[in-house]
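We did not get these values from a lab; they are worked out from the coordinates using the rules stated. Fair warning: this is a prediction, and the values are worked out from it, not measured in the lab. All Cβ positions, even for glycine, are placed from backbone atoms using ideal geometry, and neighbour counts span all protein chains on display.
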Amino acid sequence: MPLTASPDCDLVLYTHPWSRGQIARWMIEETGANYRQVILDYETSIKSDEYLSINPMGKVPAIIHRGNVVTECAAICAYLADAYPSANLAPSNADRASYYRWLFFAAGPLEAAISNRSLKVTISEKQERMIGYGSYERTVDVLAKSVNSMPYLAGDFFSAADVYVGSHILWGIHFGTLPKRPEFEEYIQKLVERPAYQAAKAIDLELGAALSK
């Protein structure tokens, strides 16, 4: 598991097919970049000293791009959008308000709300003032309004914010951690029709099937 990319490839994806690595792969496919993948095993290589030197959290995904290590899916999506500007996956610097807002809404309040709900963590009304998302129900309502207010989260065109937030919604509906609201279903239908999404999903499904044998 080399720490740097091979001479003919300056982007490496460290992942597992049944993980948040699916988000990073989709984002890479959207950029059209040439990349090499390193598939990690939950029981062994993901906790190896070599991988922990890349991501001390022992989590996937992680990428190395031209010697730069990036972890955390929202950061990976934002980084790759900037690293491959010809893919047009980020608004201009002057038009990034909604783009940043919803990227980090999903990385913060949404992720925490879904996780606590899934773990059956009960939040009292008083505790709602202490946590960033307030309540699960309010978070879901805000998310539904966000995907229903414009064609895409950053405006009229698809961006890295849609990869990241859309992945949360796709995952949430699939596993029942988000409700099947009309706003969500209409929004994700646009996403699953994208060639890059379909290509990334096909790769991970094939890898997952191979690992299951």
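Conditions tested, residue by residue: (1) under 16 Å from Asn148 (Cα atoms); (2) free of Cβ contacts under 8 Å to residues at least 12 places away in the same chain.
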{"site": "Ala161", "(1), (2)": "yes, no"}
{"site": "Phe184", "(1), (2)": "yes, no"}
{"site": "Ile188", "(1), (2)": "yes, no"}
{"site": "Ala199", "(1), (2)": "no, no"}
{"site": "Leu205", "(1), (2)": "no, no"}
{"site": "Ala210", "(1), (2)": "no, yes"}
- Among the listed residues Ile64, Ile76, which satisfies the condition of being of a type in the set (Val, Ile, Thr), crowded, with 23+ Cβ neighbours inside 10 Å and closer than 18 Å to Gly21 by Cβ? Ile76
- Query: Taking the stretch 89-138, which residues are buried (at least 17 other Cβ atoms within 10 Å of the Cβ) and touching a residue at least 60 places away in the same chain (Cβ under 8 Å)?
  - Reply: Leu89, Ala90, Pro91, Ser98, Tyr99, Trp102, Leu103, Phe105, Ala106, Ile114, Arg117
- Message: Take the residues in the stretch 142-157 that are in a loop (DSSP other than H, G, I, E, B) and not hydrophobic (A, V, I, L, M, F, W, C); name whichever of them is farthest from Ala106 (Cα to Cα).
- Response: Asp156
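Residue by residue through the stretch 67-88, note down the ones that are in contact with a strand residue (DSSP E or B) (Cβ under 8 Å, 6 or more places away or on another chain) and touching a residue at least 24 places away in the same chain (Cβ under 8 Å).
Ile76, Leu80, Ala83
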